[in-house]
Amino acid sequence: MLTKNNFRAALLGCAAVALLGACSGADGVASPGVGAFVPSPTAPAPAPPTTPTTPTTPTGGPAADCPADFENIGTVSDQRICQLPTTIRGNLVVPKRDGTIYSVSGQTRVGIDLGPDPANPFTTGVRGVLTIEPGVTIFGNSGLDYIVVNRGSQIFAEGTASEPIIMTSRQSVDRVTNENSIGQWGGVVINGRAPTSDCPTGILPPSIDCVAQVEGSNALYGGLIDADNSGRIRYLRVMHSGFTISPNNELNGITFAGVGSGTVAEHIQVHNSSDDGIEIFGGTVNLKYIVLTGNDDDSFDTDSGWRGAAQFGIVYQRTGGGDYGFETSSRGNNTATFYTRPVYANWTINQRSQNTAAQQKRAAIVHNSGHVGQVFNSVLTSNNGVQCLQVAGASTLTNPNAFGGTGPYYRSVHMSCDGGSVLGSSPVTNADVDAILDADTNNVKAGTSSLVNGFINGSNENAVIAATIPNGDLPVAVRNFLTPVDYIGAVRDANDTWYQGWTCGLPTTPSCH
């Protein structure tokens, strides 16, 4: 969700004093009874060993102890609770152990901000590396319990299809959640040094001075390192997250802020966030194999000069919840050559009946404030009276896309929305949006959905000729990232099973708790 201008202005003022760690705002918010934000130390602490030994644990019942560097805070559901340190300096491994579950209390920081320039790091900064082993579960007790990866630090959360890493709420661990359980802990915020359009007044992007404070945190993001590497995330499921710290200042399921293309982000699910599922502020990160289920605001929200790509994604809203499938914006100091311009490919967005979008007349996808979305080989469907595609703002039509034209670019997209295919918002007209779709003959504006279980292609979707994505003037990292396909949508047929084994909450997959 976008932060209002007055809040953003106050946050950007903090950037000027970041070297002294003097920003306020979120610093003053404490998690009730479970910790608070911690000030930066005056000097880095020595790093722990890079390969700590996993302690031997008994079989059956809670483990008798916790690994070194973790606090033993009791038991829950017949497991030992081992709490992560509030600030991670050096290397910390979260090992998979019998009878052990892990928790975070308050803002759990991986490292302390090293600044936008790796050649000139902040002297107060500390590098941290958080490694989470497959099958580990981490939970938070309340909305202000969450993980923040600071610039210059990394997270390596690499699960497997059979042993995903799960980050969830205490209620989920106690198995007292249901299909409408949202906002029970904070989520994950990852900050990097890639460019953003969120700049102080008078500064034009891209610039190393374009630095901003991320939503839901006192952390900063931004820099000039396109290939910045914040780590690797694979087979990660984040559930029941999201929290409103103050009006228009919310934690999402996962927030990527200024994250670079050197970061790996694939096989990720966000389920039942009270705000956005995934929100991206600037940067160049690329994402693949994404499942977004039951999120209460936008499932995928992009902003602030993001220029990466996202391929193979499912949006499946829950009955009674959900806003836009994609909200795509381009706030900040946009220029004629720097604004939000990502590539979306092979997505299936299903806006289900009776969700909040129907009440507010929102579309499956909206492009606004100059965002030039480039959408290929995707499926949009809705049966709640809303449109498939909404476009707003004059600059959204006039900013150049990567393929020789201006405005959003659509090719090989199948639409079946009972509210109609298009919606223009002043000064954009319905005819303007129609022209975007009519520019390519492979778009189906008024199709009939034949999706199986709401997200697997049927005969009508598979009848659409898939597009070969042209190189245009796309960044090299995006060209190298995209996988050539000969079908549209996220899931080709019943034999396409990339989502199975590690997700929940989709038809035919286990329920989420």
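The values are calculated or read from the model by the stated rules, or taken from the named source; none is laboratory data. Model, not experiment: these values are computed from the prediction. Note that we place each Cβ from the backbone using ideal geometry, even for glycine, and neighbour counts take in every protein chain shown.
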For this session: Hey, can you tell me all the residues within segment 217-236 that are farther than 18 Å from residue 128 by Cα and acidic (Asp, Glu)?
Result: 226
Exercise. Does residue 286 qualify as being modelled with pLDDT under 95 and not charged (D, E, K, R)?
Worked result: no
For this session: Of the conditions (1) buried (at least 19 other Cβ atoms within 10 Å of the Cβ); (2) in contact (Cβ under 8 Å) with a residue 24 or more places away in the chain, residue 99 clears all except one; give me its number.
Result: (1)
Problem set entry | Among the residues listed as 304, 329, the single one being more than 18 Å from residue 491 (Cα to Cα) and either touching a Leu at 6+ places or on another chain (Cβ under 7 Å) or of a type in the set (Lys, Arg) (or both) | 329
For this session: Return only the number of the condition from (1) surrounded by 18 or more Cβ atoms within 10 Å (Cβ to Cβ); (2) closer than 19 Å to residue 296 by Cα that residue 383 does not satisfy.
Result: (1)
For this session: Sort through 449, 378, 426, 395 and tell me the only one that's among the polar types (S, T, N, Q), over 16 Å from residue 328 (Cβ atoms) and buried (at least 16 other Cβ atoms within 10 Å of the Cβ).
Result: 449
For this session: Scan segment 408-426 for residues that are of a type in the set (D, E, K, R) and outside any loop (DSSP other than H, G, I, E, B) and jot them down.
Result: 411
For this session: May I ask you to verify whether residue 237 is farther than 22 Å from residue 388 by Cβ, touching a helix residue (DSSP H, G or I) at 6+ places or on another chain (Cβ under 8 Å), among the basic types (Lys, Arg) and touching a residue at least 24 places away in the same chain (Cβ under 8 Å)?
Result: no
For this session: Among what's in segment 206-218 and is crowded, with 24+ Cβ neighbours inside 10 Å and assigned to a loop (DSSP other than H, G, I, E, B), pick the residue that is modelled with the lowest pLDDT.
Result: 216
Exercise. Is it the case that segment 400-407 has a residue that's modelled with pLDDT of 95 or more, outside any loop (DSSP other than H, G, I, E, B) and over 24 Å from residue 252 (Cβ atoms)?
Worked result: yes
Exercise. Yes or no: residue 507 at negative phi and surrounded by 18 or more Cβ atoms within 10 Å (Cβ to Cβ)?
Worked result: no
For this session: Consider residue 438 carefully, then state whether it is surrounded by fewer than 20 Cβ atoms within 10 Å (Cβ to Cβ), acidic (Asp, Glu) and within 28 Å of the chain's Cα centre (by Cα).
Result: no
Problem set entry | Pick from segment 351-366, criterion under 18 Å from residue 451 (Cα atoms) and buried (at least 24 other Cβ atoms within 10 Å of the Cβ), ranking: modelled with the highest pLDDT | 364
For this session: Go through segment 144-182 and count every residue that is under 21 Å from the mean Cα position of the chain (by Cα) and at positive phi.
Result: 1
Problem set entry | Boolean, residue 198 is surrounded by fewer than 24 Cβ atoms within 10 Å (Cβ to Cβ), at pLDDT 95 or above, in contact with a Ser or Thr (Cβ under 9 Å, 6 or more places away or on another chain) and farther than 30 Å from residue 501 by Cα | no
Problem set entry | Qualifying residue in segment 338-345 (condition: over 13 Å from the mean Cα position of the chain (by Cα), among the β-branched types (Val, Ile, Thr) and either under 24 Å from residue 467 (Cα atoms) or at pLDDT 95 or above (or both)) | yes
For this session: Among what's in segment 461-495 and is within 16 Å of residue 413 (Cα to Cα) and of a type in the set (Val, Ile, Thr), pick the residue that is surrounded by the most Cβ atoms within 10 Å (Cβ to Cβ).
Result: 488
Seminar exercise, completed: If we keep only residues of segment 427-448 that are aliphatic (A, V, I, L, M) and assigned to a loop (DSSP other than H, G, I, E, B), then the residue farthest from residue 489 (Cα to Cα) is 428
For this session: From 108, 124, grab the single residue that is in contact (Cβ under 8 Å) with a residue 40 or more places away in the chain and under 25 Å from the mean Cα position of the chain (by Cα).
Result: 108
Exercise. Within segment 134-152, which residues are crowded, with 23+ Cβ neighbours inside 10 Å and in contact with a Pro (Cβ under 8 Å, 6 or more places away or on another chain)?
Worked result: 144, 151, 152
Exercise. Residues 403, 455: which one is closer than 30 Å to residue 510 by Cβ and in contact with a strand residue (DSSP E or B) (Cβ under 8 Å, 6 or more places away or on another chain)?
Worked result: 455
For this session: Report whether or not residue 406 is polar (S, T, N, Q) and free of Cβ contacts under 8 Å to residues at least 40 places away in the same chain.
Result: yes
For this session: Restrict the check to segment 66-78 and report whether at least one residue is crowded, with 20+ Cβ neighbours inside 10 Å and either in contact with a helix residue (DSSP H, G or I) (Cβ under 6 Å, 6 or more places away or on another chain) or not in a loop (DSSP other than H, G, I, E, B) (or both).
Result: no
For this session: Could you check, for segment 106-118, whether at least one of its residues is closer than 17 Å to residue 62 by Cα and in contact with a Lys or Arg (Cβ under 7 Å, 6 or more places away or on another chain)?
Result: no
